[in-house]
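Only one structure is covered here, and it is reproduced in the block below.
Coordinate-derived values only; no laboratory data. Keep in mind the model is a prediction, meaning the values are calculated, not measured. Here the Cβ positions follow ideal geometry from the backbone for every residue, glycine too, while neighbour counts run over all protein chains shown.
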Amino acid sequence: MTAMERRYEEPSAQAGRVQELEQIEIELLLSGVHRLYGYDFRNYALPSLKRRIWHHVHAENVRSISALQEKVLHDRGCFERFVYSLSIPVTEMFRDPGMFSAFREKVIPLLRTCPRIRIWHAGCSTGEEVYSIAILLHEEGLYDRAQLYATDMNARSLQQAKEGVYELGKMRQYTRNYMEAGGTRLFSEYYTAKYNSVVLQPYLRKNIIFAEHNLATDTSFNEFNVIFCRNVMIYFNEELRDHAHGLFYESLSQSGVLVLGSKESMQFTRHSNSYEPMDTVEKIYRKM
Ligand SMILES: C[S@@+](CC[C@H](N)C(=O)[O-])C[C@H]1O[C@@H](n2cnc3c(N)ncnc32)[C@H](O)[C@@H]1O
């Protein structure tokens, strides 16, 4: 296209070209990250991915996605910040309390029949979800025979998860969630306050293994009675979601339980016919 032709281009054609350029830059960035660091974001859902990438372009104070690509590929620190910013580590203790009361009512009776209980929290972020289940199992007298695996692709979040240290200011909300989830004790029994932080009781951590695991690139590593993967696959496109569901199906024992996030569902996934719902509102499914 000549300079003259470009000047008289229709605005809609110009917008199309800008979009195409953005698409090319994103593909090059993600392909470079995959080849150099092994992290595969190529099958993340495009709208939120784009938003996060632009957010990071501004955070790194560069002018374009191509400039971000150069920085991410040449500077490991910038790459780590990039992973952190794509990972959206938002979480809470007893998040969506209704799921925890449904779990207590419908899944705990099944777990009582198992001599050993193995649970996988895929995409555990900073650990609030796995500690909530540790509390619930402890209250039900099942924690001592349980082994919990908490994994995430984000090393920085996992480090915080291992430490089990959270902001004191969040305890009011977490206490409310705990009570709505059917908790009957004093939530403050589970932590010790220290300045502006709280430290969770060490006994809650004793049966939890924290490890890096990437749902896009790593394989199944054990067999589980329950898998939690909540608010992770909403960021994936259909292909990656199907891939993760394949991994979960393979990793669940017979009649194992899969728990999804409140906005997620088994519908339209490759494995939709492999599960029966135990609670459609709280997104608890049982492998058939
Ligand atoms: C919104 S948090 C969900 C935390 C918790 N499950 C909950 O529902 O509160 C999403 C987590 O998924 C993790 N994640 C995103 N893509 C992942 C992948 N490919 N493999 C493993 N974890 C991933 C992120 O690092 C982030 O910690």
Would you pick out the residues in the stretch 205-215 that are within 13 Å of the ligand (Cβ to nearest atom), of a type in the set (A, V, I, L, M, F, W, C) and surrounded by fewer than 18 Cβ atoms within 10 Å (Cβ to Cβ)?
Ala211
Under 8 Å between Cβ atoms, which residue pairs at least 6 apart in sequence (or on different chains) link something in the stretch 200-225 that is without any contact (Cβ under 8 Å) to a residue 60 or more places away in the chain with a partner that is away from the ligand (no atom under 15 Å from the Cβ) and among the β-branched types (Val, Ile, Thr)?
Gln201/Thr192
Has the stretch 131-154 got at least one residue that is closer than 30 Å to Phe82 by Cα and either away from the ligand (no atom under 16 Å from the Cβ) or part of a loop (DSSP other than H, G, I, E, B) (or both)?
yes
Restricting the stretch 224-250 to residues that are of a type in the set (Phe, Trp, Tyr) and either near the ligand (Cβ under 8 Å from one of its atoms) or buried (at least 19 other Cβ atoms within 10 Å of the Cβ) (or both), the residue that is nearest to Cys114 (Cα to Cα):
Phe224
When residues of the stretch 259-269 are filtered for being away from the ligand (no atom under 13 Å from the Cβ) and more than 16 Å from Asn43 (Cα to Cα), how many remain?
4
Checking Arg112 against (1) closer than 29 Å to Ser255 by Cα; (2) touching a residue at least 60 places away in the same chain (Cβ under 8 Å); (3) not hydrophobic (A, V, I, L, M, F, W, C), only one condition comes out false. Which one?
(2)
Residues of the stretch 262-280 being of a type outside the set (A, V, I, L, M, F, W, C) and over 23 Å from Thr219 (Cβ atoms), in sequence order, are Ser262, Lys263, Ser265, Gln267, Asn273, Glu276, Pro277, Asp279, Thr280
Report yes if some residue within the stretch 258-272 is within 20 Å of Tyr149 (Cβ to Cβ), touching a strand residue (DSSP E or B) at 6+ places or on another chain (Cβ under 6 Å), surrounded by 18 or more Cβ atoms within 10 Å (Cβ to Cβ) and not basic (Lys, Arg); otherwise report no.
yes
Is one or more of the residues making up the stretch 101-108 buried (at least 17 other Cβ atoms within 10 Å of the Cβ), within 10 Å of the ligand (Cβ to nearest atom), closer than 19 Å to Leu258 by Cβ and of a type outside the set (S, T, N, Q)?
no
Residues to consider are Cys114, Cys78; find the one that is farther than 22 Å from Gly256 by Cβ and more than 9 Å from the ligand (Cβ to nearest atom).
Cys78
Close pairs (7 angstrom Cβ cut-off, 6 or more residues apart or separate chains): closer than 9 Å to Phe94 by Cβ in the stretch 129-140, not in a helix (DSSP H, G or I) anywhere
Glu129/Thr91; Glu129/Arg95; Glu129/His121; Glu129/Phe228; Glu129/Arg230; Ser132/Met93; Ser132/Phe94
Scanning the stretch 155-175 residue by residue, the ones that are touching a residue at least 40 places away in the same chain (Cβ under 8 Å) and assigned to a helix (DSSP H, G or I) total 9
Can you work out which of the residues in the stretch 19-54 that are among the basic types (Lys, Arg) and within 13 Å of the ligand (Cβ to nearest atom) is farthest from Leu68 (Cα to Cα)?
Arg42
